[in-house]
1. Roughly how many Å² of I44 are accessible to a 1.4 Å probe, to the nearest 10?
2. Sort S53, S36 by heavy-atom solvent-accessible area, probe 1.4 angstrom, most to least.
3. Which length gain, in nm to one decimal place, applies between I44 and L12 when the Cα-Cα distance is subtracted from 0.36 nm times their residue separation?
4. Apply the Karplus curve 6.51 cos²θ - 1.76 cosθ + 1.60, θ = phi - 60°, to the phi angles in the range 36-52 and return the couplings in whole Hz, x for Gly and Pro.
5. What residues have an amide H closer than 5 Å to that of L31, excluding those fewer than 5 places away on the same chain, when H is modeled at 1.01 Å from N in the peptide plane?
Amino acid sequence: MSEAAQALCRRLGIALPIIQAPMAGVQGSALTIDPSLDAQEFRIATNGIAGGSDVGVLYGAYRYAELLGVLVGRGAVVTVV
């Protein structure tokens, strides 16, 4: 797992694998690297988050967390109620 993925998992307190495959046919939620996206681009879909690189996946996961009301800052995760 990349350093960015490890940082995300530690920060959010979860363990999600990053897989090197397109999102089509993926069961459940997944973090994937999609080479059709630019390195820092991401896509949030019903079956997961795809990024053009591990950094893109990280940006997508942070954006998804923000949409859920979770503020991710240095050293702490704060959930907004």
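The values are calculated or read from the model by the stated rules, or taken from the named source; none is laboratory data. This is a predicted model, so every value here is computed, not measured. Just so you know, the surface numbers come from the protein's heavy atoms only, side chains and all, with ligands and any DNA or RNA stripped out. Shrake-Rupley method; radii C 1.70, N 1.55, O 1.52, S 1.80 Å.
1. I44 exposes around 60 Å² with every protein chain in place.
2. S36, S53
3. Stretched out fully, the I44 to L12 stretch lengthens by 9.8 nm.
4. So the Karplus estimates, Gly and Pro as x, are 6, 9, 5, 3, 9, 7, 8, 9, 9, 10, 5, 9, x, 10, 10, x, x Hz.
5. Residues meeting the amide H criterion: I19, I49.
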